[in-house]
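So the structure is just underneath, and the comments pick up after that.
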Amino acid sequence: MRVTMGDVPLAAFEDAFRAQRARYPGASPGWRPGWQPVHTVYVPADRFSAGTVADWGGRALALARAGLAGPAEVVDVFGVPEGLAPAVHERVLRKLAREPVEDLRIDFEDGYGVRPGEEEDAHAVRAAEAVAELRAAGTLPRRWGLRVKSFADGDPARSARTLDGFLTEVAARCGELPPGFVVTFPKVLMEEYLVEFADLLGRLERGLERGLGGGAEVRLRFEIQVEAPQTLAFLRGDLAETLGGRLAAAHFGVFDHTAAIGLPPQEQRLDHPACDHARHVMQTAFAGTGVELSDGSLAAAPASESAADVRGLWRRHAELVRHSLRHGYHQGWDMHPSHLVSRFAAVYAFHLATYDAYRERVRAWEEGRAGDGGVMDEPATIRPLVAALSRADAALSGPG
């Protein structure tokens with residue numbers, strides 16, 4: 001082959017390219033997301049006990065059995081196609097019985113409020129005792145942790161003390177820090193908060209290692225809540241690296257955000273266009289970094305225990321879950337046991353509706369042929385198809 005430049009030395013470029021790939025492995029073609037919970041359940045610290053997970057599951061299962069007698073009710077309440085309704089109905093009941101909570105957060109912030117120091121200390125110890133009991137019983141959720149108070153609340157020392165006391169007690173009672181721990185850091189008004197919090201976790205991690213004899217593998221990571229409009233301005237791809245790899249996730253806070261930008265109360269909802277904008281900024285900032293994204297919550301419970309009120313709540317919540325899923329957010333917050341029913345119903349229906357078609361398109365691409373309907377997929381389309389199948393497998397084939 002005739003060439004003009006001959007053998008061009010590209011060693012420096014290749015070294016830089018490999019270094020960049022090492023920094024952002026998620027940007028590699030064919031990257032698949034690992035397991036991510038479909039929800040986070042928030043429970044105020046003063047109401048949390050070793051029986052909380054079972055209680056939520058029992059209440060949700062009772063509601064499901066009363067309000068979803070069979071597939072026909074799944075069609076009526078959630079708009080699931082008749083062909084999918086039996087599978088969705090069976091999976092929801094099984095999930096609620098076996099694993100109603102995938103991710104648990106013990107809340108010491110808005111859901112808990114400001115308490116005297118001695119009272120919060122006592123609740124932190126009680127929460128640690130409950131975690132140890134759940135761990136011993138084999139019922140601690142796969143992902144678990146707590147939400148501390150924000151530094152913006154004016155008392156960073158209180159936030160640090162609660163986290164320190166809680167983790168110290170958990171480690172002492174369990175002999176290690178059980179896997180799956182993450183701490184939620186809310187109301188991040190400036191990037192300096194993140195730097196200080198990451199440093200705090202590093203110091204606490206080193207202390208825990210010494211307390212456990214230095215043999216335990218302890219890695220403290222945290223998730224930020226994107227609630228204030230000014231937070232959007234400093235979200236960027238290298239933030240996780242800047243924080244020493246401790247940034248695990250970013251969760252959207254719908255109510256603080258919509259209030260801060262001046263929306264009226266009736267418009268404080270997850271499917272408002274302003275929330276779509278904020279979530280898309282988060283997606284753009286963290287694309288390819290491995291930082292997980294989560295949507296927020298519906299702050300509503302059934303108005304009564306009547307079938308009409310429960311089903312009305314389920315319809316609205318499922319509508320919001322579907323909105324999040326369509327926008328690429330596969331996790332959200334659940335604040336009431338009734339939300340578990342609509343969460344899992346919407347998630348299962350979403351994945352089952354497309355699974356076979358996506359699998360056929362990937363198979364057709366691998367075989368170098370057109371898929372059903374003559375579709376010729378591009379590599380940029382195949383990657384999200386493979387990722388969607390991976391997420392579906394995790395959601396449909398987990399322990400639940």
Discussion item. I'm told ALA392 meets every condition in (1) under 30 Å from PRO44 (Cβ atoms); (2) open to solvent by less than 10 Å² (accessible area, probe 1.4 Å) except one. Can you identify the failing condition by its number?
Written reply: (1)
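Whether any residue in the range 165-173 is in contact with a Gly (Cβ under 8 Å, 6 or more places away or on another chain) and of a type in the set (A, V, I, L, M) is what I want to check. If you could, list the steps in order and put the result at the bottom.
So in the range 165-173, the residues in contact with a Gly (Cβ under 8 Å, 6 or more places away or on another chain) come out as 168, 171-172.
Applying the additional criterion that residues be of a type in the set (A, V, I, L, M) yields 171-172.
Yes, that holds for at least one residue.
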Worksheet item: Taking the range 321-351 on its own, how many of its residues are open to solvent by 10 Å² or more (accessible area, probe 1.4 Å), farther than 17 Å from GLN283 by Cα and not in a helix (DSSP H, G or I)?
Response: 3
Worksheet item: If a residue has to be more than 29 Å from GLY67 (Cα to Cα) and without any contact (Cβ under 8 Å) to a residue 40 or more places away in the chain to count, how many in the range 273-312 make the cut?
Response: 5
Discussion item. Restricting to the range 119-139, name every residue that is under 24 Å from the mean Cα position of the chain (by Cα) and within 15 Å of LEU163 (Cβ to Cβ).
Written reply: ALA124, ALA127, ALA128, VAL131
Item to complete: Report, by residue number, each residue of the range 151-186 that is without any contact (Cβ under 8 Å) to a residue 60 or more places away in the chain, farther than 16 Å from LEU134 by Cα and buried (at least 21 other Cβ atoms within 10 Å of the Cβ).
Response: PHE151, SER159, THR162, LEU163, VAL183, PHE185
Discussion item. Quick check on my filter: what residues within the range 144-156 are assigned to a loop (DSSP other than H, G, I, E, B) and among the small types (Gly, Ala, Ser)?
Written reply: SER150, GLY154
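Could you list, in sequence order, the residues of the range 112-131 that are β-branched (Val, Ile, Thr) and either touching a Leu at 6+ places or on another chain (Cβ under 7 Å) or surrounded by 22 or more Cβ atoms within 10 Å (Cβ to Cβ) (or both)? I'd like the intermediate steps shown before the answer.
Within the range 112-131, the subset β-branched (Val, Ile, Thr) is 114, 125, 131.
Residue satisfying the conditions is VAL131 alone.
Could you tell me which of the residues ALA357, ALA364, ALA392, ALA370 is free of Cβ contacts under 8 Å to residues at least 60 places away in the same chain and in contact with a Ser or Thr (Cβ under 9 Å, 6 or more places away or on another chain)?
Checking each option against the conditions leaves just ALA392.
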Discussion item. When you check LEU189 against the structure, is it aliphatic (A, V, I, L, M), more than 18 Å from ARG142 (Cα to Cα), open to solvent by 30 Å² or more (accessible area, probe 1.4 Å) and within 22 Å of the chain's Cα centre (by Cα), yes or no?
Written reply: yes
Item to complete: Considering only the range 263-281, state which residues are part of a loop (DSSP other than H, G, I, E, B) and either over 15 Å from GLY296 (Cα atoms) or touching a Pro at 6+ places or on another chain (Cβ under 8 Å) (or both).
Response: LEU263, PRO264
Discussion item. Could you check the range 208-231 and list, in sequence order, the residues that are modelled with pLDDT of 90 or more and open to solvent by less than 30 Å² (accessible area, probe 1.4 Å)?
Written reply: LEU220, PHE222, GLU223, ILE224, GLN225, VAL226, GLU227, ALA228, THR231
Practice prompt. Sort out which residues of the range 35-54 are within 23 Å of TYR348 (Cβ to Cβ) and more than 12 Å from the chain's Cα centre (by Cα), and write them in order of number.
Written response: VAL53, ALA54
Practice prompt. Scan the range 35-49 and report the pairs whose first residue is free of Cβ contacts under 8 Å to residues at least 40 places away in the same chain and whose second residue is open to solvent by 10 Å² or more (accessible area, probe 1.4 Å), with Cβ atoms within less than 6 Å and a gap of 6+ or a chain change.
Written response: none
Practice prompt. Provide a single number: the residues in the range 23-46 that are within 26 Å of ALA394 (Cα to Cα) and modelled with pLDDT of 65 or more.
Written response: 10
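Considering every residue within the range 95-111, establish whether at least one is without any contact (Cβ under 8 Å) to a residue 40 or more places away in the chain and open to solvent by 10 Å² or more (accessible area, probe 1.4 Å). Write out each step before concluding.
Our first condition is that a residue be without any contact (Cβ under 8 Å) to a residue 40 or more places away in the chain; within the range 95-111, this holds for none.
Within the range 95-111, not a single residue is without any contact (Cβ under 8 Å) to a residue 40 or more places away in the chain and open to solvent by 10 Å² or more (accessible area, probe 1.4 Å).
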Worksheet item: Considering only the range 286-310, how many residues are surrounded by fewer than 19 Cβ atoms within 10 Å (Cβ to Cβ), part of a helix (DSSP H, G or I) and in contact with a helix residue (DSSP H, G or I) (Cβ under 8 Å, 6 or more places away or on another chain)?
Response: 1
Worksheet item: Among the residues of the range 362-385, which ones are closer than 26 Å to GLU292 by Cα and open to solvent by 30 Å² or more (accessible area, probe 1.4 Å)?
Response: GLU378, PRO379, ALA380, THR381, ARG383, PRO384
Response to the item:
Over the range 132-149, the set of residues closer than 25 Å to ASP199 by Cα and touching a residue at least 60 places away in the same chain (Cβ under 8 Å) is ARG143, LEU146, ARG147
Worksheet, complete the sentence: Flagged in the range 132-150 as buried (at least 19 other Cβ atoms within 10 Å of the Cβ) and of a type in the set (Val, Ile, Thr), in numbering order, are VAL148
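The values are calculated or read from the model by the stated rules, or taken from the named source; none is laboratory data. Just so you know, these numbers come straight off a predicted model, no measurement behind them. All Cβ positions, even for glycine, are placed from backbone atoms using ideal geometry, and neighbour counts span all protein chains on display. Just the protein is used for accessible areas: all its heavy atoms, side chains included, with ligands, DNA and RNA removed. Shrake-Rupley method; radii C 1.70, N 1.55, O 1.52, S 1.80 Å.
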